[in-house]
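**Q** What follows is a single structure, and I will ask about it in a moment.
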Amino acid sequence: LIFGDLCNAAKDFYTADKGEMHERVAWLANRLDRDDLRKYGVRPDMWLLANLAEAGHASARDANPGDAQRLEAWCWAGLSDYSQPQLRTLEAIKWRTYRTASVLRRMEQTNRKIATTNAQPLPTDKTELVKYGRVSVIALAGYTGDFQATIYSLIADAIFGARVSDNLKLPVLLVLEEAHNFAPGKATTAAEERAIAVTRQIAQEGRKFQVGLLMISQRPNRLDETALSMCNSYVIMKMINPADQNFVRRVVESLGEDDVRMLTNLDKGEAILTGEFISFPVLVKVKPPASRGEREEEDAFVALDQMKTAADEVVKAARSGKP
């Protein structure tokens, strides 16, 4: 209940009126004695929740009710009426929200380092990711499993729902790289449960609404068995782990014992095709791609030498006084 009040307060605190917003941010910066807020302002994010929680707790606790009444007028109805237990709850929320914001910032920083230089934030309307002739890549590296599962389920559910309601006119193919991170065999959190549920729904009903699903994983035994069994075609490459082999043999009905025994001996680029897109299991050799993309791996020792040379040049320039 208290966290819901805080979320609503943050939503109402952030206004499009520039003059009003300037006044509110100035008050918040003075209330918390924060120079960074004076300099950079606020954004509608987790930090705003944490800052408002701190300001709300301090204002409601003060003997002078002026600040609490100001917050009530702006965005937080009933703040001055909070009881002592409610204030203690708000204080606990404050510390947890600050910790969450700090962790989220580290994940975002890691993600920005890994993502491409032209990466853009996710649009509010997730259907904007679907454009004719375009592939949208959602980079989630750096985020924890819960965040990855939550972001994926929000995107997948929004796109699938838009296709069902016919608000999205184009067909869609969702490609899950490292799919066991989004549809694990056993959910350990509520976020993973939601991700598994939407994956199963798309795997089961997506064809009717032209929503395709392609799952890619090097550890198939960690995948949700129900979602995997609903796939109609499979490309199976070299597989050493016995648990993975047994799992695939159990789930893929068109795969025979002889085919499974071949998996450990497949060469690079070789795969067994089976399922509805072919009459019977077939061993194929996939041609290597012309390019491995912008993240094509290079020799680690060559890369290390290049990095050392660049670092030496920086040190040399610094010592000589050159920019």
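**Q** How many nm separate the modelled label positions at A119 and K285, each set 7 Å beyond the Cα in the direction of the Cβ?
**A** The modelled label-to-label distance comes out at 3.8 nm.
**Q** Compute the Rg to Rh ratio over segment 1-47 from the alpha carbon atoms, using the Kirkwood formula for Rh, and round to two decimal places. Intermediate results must be reported in sequence, preceding the final value.
**A** On the way: Rg = 11.0 Å, Rh = 11.3 Å.
My calculation of the ratio gives 0.98.
**Q** Moving on. Can you list the residues, at least 5 places off or on another chain, whose amide H is less than 5 Å from the amide H of E270, using H built in the peptide plane?
**A** Counting only residues 5 or more places away or on other chains, the set is V286.
**Q** Putting +1 on Lys and Arg Cβ atoms and -1 on Asp and Glu Cβ atoms, find which of Q109, L255, M237 reaches farthest to the positive end of the dipole of the chain.
**A** It is Q109, whose Cα lies furthest towards the positive end.
**Q** Among DSSP bridges having both ends in the chain, what percentage is antiparallel? Round to the nearest 5. Can you show the working numbers first?
**A** Working: 9 of 14 bridges.
So the antiparallel bridges amount to about 65 percent of the total.
**Q** Can you list which of the trypsin sites (Lys or Arg not before Pro) found in segment 81-140 are DSSP loop residues with at most 12 other C-beta atoms within 10 Å? Walk me through the numbers on the way to the answer.
**A** Values: sites: R88, K94, R96, R99, R105, R106, R112, K113, K126, K131, R134; in loops: K131, R134.
When the trypsin sites (Lys or Arg not before Pro) of segment 81-140 are filtered for loop state and at most 12 Cβ neighbours within 10 Å, K131, R134 remain.
**Q** Quick one: angle between helix 18-32 and the longest Cα principal axis of the chain, in degrees between 0 and 90, rounded to 10, please.
**A** Helix 18-32 sits roughly 80 degrees off the main axis of the chain.
**Q** Right, next: What are the ³J(HN,Hα) couplings of segment 209-219, residue after residue, when phi is run through the Karplus curve with 6.51, -1.76, 1.60 and θ = phi - 60°? Round to Hz, x for glycine and proline.
**A** With coefficients 6.51, -1.76 and 1.60, one gets 10, 6, 10, x, 9, 10, 10, 10, 7, 8, 10 Hz.
**Q** Ok, one more. Would you kindly compute the Cα radius of gyration of segment 7-113 and its largest Cα-Cα separation (Dmax), both in Å?
**A** Looking at segment 7-113, its Cα Rg and Dmax stand at 14.1, 47 Å.
**Q** Please list, in order along segment 92-100, the HN-Hα scalar couplings obtained from phi with the Karplus expression 6.51 cos²θ - 1.76 cosθ + 1.60 (θ = phi - 60°), rounded to whole Hz, x for Gly and Pro.
**A** 5, 4, 4, 5, 5, 5, 4, 4, 4
**Q** Pop out the carbon and sulfur fraction of the accessible area of the chain as a percent, whole number, probe 1.4 Å.
**A** The value for the chain is 53 percent carbon and sulfur by accessible area.
**Q** Right, next: Tally Lys and Arg at +1 and Asp and Glu at -1 over the other residues with C-beta under 15 Å from the C-beta of P171: what net charge comes out?
**A** Surrounding charge for P171 is +4.
**Q** Ok, one more. Explain nothing, just compute: Karplus ³J(HN,Hα) = 6.51 cos²θ - 1.76 cosθ + 1.60, θ = phi - 60°, for every residue of segment 177-194 in order, whole Hz, x for Gly and Pro.
**A** 7, 6, 4, 5, 7, 9, 10, x, x, 9, 7, 10, 9, 5, 4, 5, 4, 5
**Q** Hey, another quick one. Beyond a 32 Å Cα-Cα separation, which of these cross-linked pairs lie in this structure: K113/K285; K11/K113; K39/K113?
**A** Values: K113/K285 35 Å; K11/K113 30 Å; K39/K113 25 Å.
Check vs 32 Å cut-off fails for K113/K285.
**Q** Taking just the alpha-carbon atoms of segment 122-171, what radius of gyration and Dmax come out, in angstrom?
**A** Taking only Cα atoms of segment 122-171, I get Rg and Dmax of 11.7, 34 Å.
**Q** How are the alpha carbon pair distances in segment 36-80 distributed across 10 Å bins from zero to the largest one, expressed in percent?
**A** 28, 49, 23, 0
**Q** Return the inverse of the average 1/r over all pairs of distinct C-alpha atoms in segment 199-246, which is the Kirkwood hydrodynamic radius, in Å to one decimal. Provide the component values of the computation, followed by the final result.
**A** Numbers: mean 1/r = 0.0852 Å⁻¹.
Computed over Cα pairs of segment 199-246, the Kirkwood hydrodynamic radius comes out at 11.7 Å.
**Q** Quote the charge dipole size of segment 10-115 about the Cα centre in Debye, to the nearest 20; the model charges only the Cβ of Lys and Arg (+1) and of Asp and Glu (-1). Walk me through the intermediate numbers first.
**A** Numbers: 18 positive and 15 negative charges, 129 e Å.
Result for segment 10-115 is approximately 620 debye, rounded to the nearest 20.
**Q** Cα extents of segment 88-174 along the three principal axes, largest first, in whole Å?
**A** Largest to smallest, the principal-axis extents are 49, 32, 19 Å.
**Q** Compare the Cα positions of Y40, W27, A195 along the charge dipole of the chain (+1 at Cβ of Lys, Arg; -1 at Cβ of Asp, Glu; about the Cα centre) and return the one farthest towards the positive end.
**A** Y40
**Q** Assuming a viscosity of 1.002 mPa s and a temperature of 20 °C, what translational diffusion coefficient in µm² per second does Stokes-Einstein assign to segment 153-208, Rh being the Kirkwood radius over Cα pairs?
**A** On the way: Rh = 11.8 Å.
Stokes-Einstein gives a translational diffusion coefficient of 181 µm²/s.
**Q** Okay, next question. Note down the magnitude of the dipole of the chain about its Cα centre, charges +1 on Lys and Arg C-beta and -1 on Asp and Glu C-beta and zero elsewhere, to the nearest 20 debye.
**A** On the way: 43 positive and 44 negative charges, 102 e Å.
Dipole size: approximately 480 debye.
**Q** Run the helix sum for the chain: -39,500 (n - 2.57) per DSSP H stretch of 4+ residues, divided by residue count, reported at 222 nm to the nearest 500 deg cm²/dmol.
**A** So the helix-based figure for the chain works out to -16500 deg cm²/dmol.
**Q** Now for a separate question. Hey, what's segment 207-297 come to in accessible area per residue, 1.4 Å probe, Å²? Before the final figure, lay out each step's value.
**A** On the way: 6100 Å² over 91 residues.
Here the per-residue accessible area is 67 Å².
**Q** Treating the angle as unsigned and between 0 and 90°, give the value, to the nearest 10°, between the Cα long axis of helix 242-251 and the longest Cα principal axis of the chain.
**A** 80
**Q** Looking at segment 184-284, which trypsin sites (Lys or Arg not before Pro) are in a loop (DSSP not H, G, I, E or B) and have at most 13 other Cβ atoms within 10 Å?
**A** Numbers: sites: K186, R194, R200, R207, K208, R222, K238, R249, R250, R261, K268; in loops: K186, K238, K268.
In loop regions of segment 184-284 (DSSP not H, G, I, E or B), the sparsely surrounded trypsin sites (Lys or Arg not before Pro) are K186, K268.
**Q** Another one. Work out, in µm²/s and without decimals, the Stokes-Einstein translational diffusion coefficient of the chain at 37 °C, 0.692 mPa s, Rh from Kirkwood over C-alpha pairs. Could the numbers behind the result be given before it?
**A** On the way: Rh = 24.3 Å.
Taking Rh from Cα pairs, D becomes 135 µm²/s.
**Q** Remind me, relative contact order of segment 137-202 in percent, using alpha carbon pairs under 8 angstrom and six or more residues apart?
**A** On the way: 45 pairs, mean separation 27.8, N = 66.
Across segment 137-202, relative contact order equals 42 percent.
**Q** Continuing with the same structure: So which GluC sites (Glu not before Pro) in segment 122-225 are both in a DSSP loop and have at most 15 other Cβ atoms within 10 Å of their Cβ?
**A** Working: sites: E128, E177, E178, E192, E193, E205, E225; in loops: E177, E178.
When the GluC sites (Glu not before Pro) of segment 122-225 are filtered for loop state and at most 15 Cβ neighbours within 10 Å, E177, E178 remain.
**Q** Further, regarding this structure: Quick check: from the Cα gyration tensor, does segment 168-323 come out rounded (a/c under 1.5), prolate or oblate? Walk me through the intermediate numbers first.
**A** On the way: a/c = 2.40, a/b = 1.75, b/c = 1.37.
Here segment 168-323 falls in the prolate category.
**Q** Over segment 1-49, give the accessible area per residue in Å² for a 1.4 Å probe, as an integer. Could the numbers behind the result be given before it?
**A** On the way: 3150 Å² over 49 residues.
So segment 1-49 comes to 64 Å² accessible per residue, rounded to a whole number.
The values are calculated or read from the model by the stated rules, or taken from the named source; none is laboratory data. Remember, it's a predicted structure, so these values are computed and weren't measured experimentally. Backbone-built Cβ (ideal geometry, glycine too); neighbour counts: all protein chains shown. SASA here: full protein model, heavy atoms, side chains in, ligands and nucleic acids out. Shrake-Rupley method; radii C 1.70, N 1.55, O 1.52, S 1.80 Å.
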